[in-house]
Amino acid sequence: ADRFPQVKAFVTQDIPLYHNLEMKHLPGADPELVLLSHRYEELERIPLSDMTREEINQLVQELGFYRKETPDAPVPEEFQFAPAKPLPTLPPLQAPTTDGKTPPKHNKGEHPDL
């Protein structure tokens with residue numbers, strides 16, 4: 001017997017519409033959404049067992065996953081890496097360093113962090 005019909009409906013009918021969202025079936029495991037960084041490091045686990053299909057759809061859209069009209073519809077360029085957020089490791093602009101001085105300014109063409 002299927003213990004999670006709402007989750008199964010989401011997996012079979014909705015996941016194909018989301019860009020960068022994939023399903024891995026683990027027999028016997030309760031369904032959960034595992035969020036990974038761009039380096040495939042686990043960021044968060046969200047249990048889906050008690051959620052309705054509608055709630056799961058709302059959740060993944062709030063997390064920034066792009067939903068296509070059809071499974072093979074093109075994804076706009078600005079959503080190619082969605083739901084990736086800007087890297088938190090980048091320092092804020094003109095943040096004071098530990099000695100209180102601001103870091104040196106760089107020319108637009110320079111990428112000192114690359």
Phi angles of the range 7-14, converted by Karplus (6.51 cos²θ - 1.76 cosθ + 1.60, θ = phi - 60°) into ³J(HN,Hα) in whole Hz with x for Gly and Pro, give 5, 4, 4, 4, 4, 7, 9, 9
Leu43 and Asp2 label points (each 7 Å along its Cα→Cβ direction) are spaced in nm at 3.0 nm
Gyration tensor on Cα atoms of the range 5-79, a ≥ b ≥ c root eigenvalues, a/c under 1.5 rounded, else prolate if a/b beats b/c, else oblate, says oblate
In nanometres, the difference between 0.36 nm per residue of separation and the alpha-carbon distance of Ala84 and Leu35 is 16.6 nm
Spelling it out for Lys68: with amide H atoms placed in the peptide plane at 1.01 Å from N, the residues 5 or more places away or on another chain with amide H under 5 Å from its amide H are Tyr18, His19
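Just so you know, all these numbers are worked out from the coordinates, no wet-lab data involved. Not measured: the values here are computed from a predicted model. Positions of Cβ are generated from backbone atoms using ideal geometry, with glycine treated the same way; all protein chains shown enter the neighbour counts.
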